[in-house]
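Q: One structure, pasted below without further comment.
Taken together, the values in this text are just the output of simple stated rules run on the coordinates, not laboratory data. Predicted model, so just to flag it, every value in this text is computed and none were measured. Glycine also receives a Cβ, built like all others from the backbone with ideal geometry; neighbour counts cover every protein chain displayed.
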């Protein structure tokens, strides 16, 4: 299945102030996630930020949050957003859920498994997830793939949402995300 703009939403899992510095390539993860959030925003997708115990771990990193100021933020104690019951209808009504965030082997993995269990098509953006250890990222991707999640890149997301070249929207997205790589 290809991602389709009208059927998709983006879930950004737990990219929080106190957690981010501990993961592999934290600066790169933040930059790639901002790119993805910006592309989702500019394509009209609903965007949800989840936060694991924000009282202790801080909120979503401000520069990421500023990329989509109208996005909804939900907090949770369960590792899985699905198990926590915190996902809003604007996201749950979508057939396709694009996921990025951290940690790949904990909250991302458990959320993806929960989304698959409720029959969502799940697209894990491999270049916009991270964990503290590289092996945990690899194992999480392998397990999510085996469970039925599609493993994709940010550019795959963008091109599938665009569907075709030509026109003002494609030109604007190409200039912003493919040539400038800015959210």
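Q: With the structure loaded, tell me whether residue 103 is in contact (Cβ under 8 Å) with a residue 40 or more places away in the chain, surrounded by 16 or more Cβ atoms within 10 Å (Cβ to Cβ) and farther than 26 Å from residue 31 by Cβ or whether it fails that test. Write out each step before concluding.
A: Working: in contact (Cβ under 8 Å) with a residue 40 or more places away in the chain: yes; surrounded by 16 or more Cβ atoms within 10 Å (Cβ to Cβ): yes; farther than 26 Å from residue 31 by Cβ: no.
So residue 103 does not fit the description; no.
Q: Could you check the stretch 37-82 and list, in sequence order, the residues that are in a helix (DSSP H, G or I), without any contact (Cβ under 8 Å) to a residue 40 or more places away in the chain and touching a helix residue (DSSP H, G or I) at 6+ places or on another chain (Cβ under 6 Å)?
A: 82
Q: Which of (1) touching a residue at least 24 places away in the same chain (Cβ under 8 Å); (2) surrounded by 15 or more Cβ atoms within 10 Å (Cβ to Cβ); (3) within 20 Å of residue 32 (Cβ to Cβ) is the odd one out, the single condition residue 115 does not satisfy?
A: The number of the failed condition is (3).
Q: Considering every residue within the stretch 23-35, establish whether at least one is touching a helix residue (DSSP H, G or I) at 6+ places or on another chain (Cβ under 7 Å) and on the phi > 0 side of the Ramachandran plot. Write out each step before concluding.
A: Of the residues in the stretch 23-35, the ones touching a helix residue (DSSP H, G or I) at 6+ places or on another chain (Cβ under 7 Å) are 23-24, 26, 30, 32-35.
Adding the requirement that they be on the phi > 0 side of the Ramachandran plot leaves none.
Scanning the stretch 23-35, I find no residue that is touching a helix residue (DSSP H, G or I) at 6+ places or on another chain (Cβ under 7 Å) and on the phi > 0 side of the Ramachandran plot, so the answer is no.
Q: Looking only at residues in the stretch 4-18 that are surrounded by fewer than 22 Cβ atoms within 10 Å (Cβ to Cβ) and in contact with a helix residue (DSSP H, G or I) (Cβ under 9 Å, 6 or more places away or on another chain), which one is farthest from residue 74 (Cα to Cα)?
A: If we filter the stretch 4-18 for residues that are surrounded by fewer than 22 Cβ atoms within 10 Å (Cβ to Cβ), which is where we start, we get 4-7, 17-18.
In the following step, the residues that additionally are in contact with a helix residue (DSSP H, G or I) (Cβ under 9 Å, 6 or more places away or on another chain) were identified as 4-5, 17-18.
Values: 4: 24, 5: 23, 17: 15, 18: 17 Å.
For the stretch 4-18, the residue satisfying everything is 4.
Q: Restricting attention to the stretch 148-183, which residues are surrounded by fewer than 16 Cβ atoms within 10 Å (Cβ to Cβ), under 18 Å from the mean Cα position of the chain (by Cα) and farther than 17 Å from residue 32 by Cα?
A: Within the stretch 148-183, 148 is the sole residue that qualifies.
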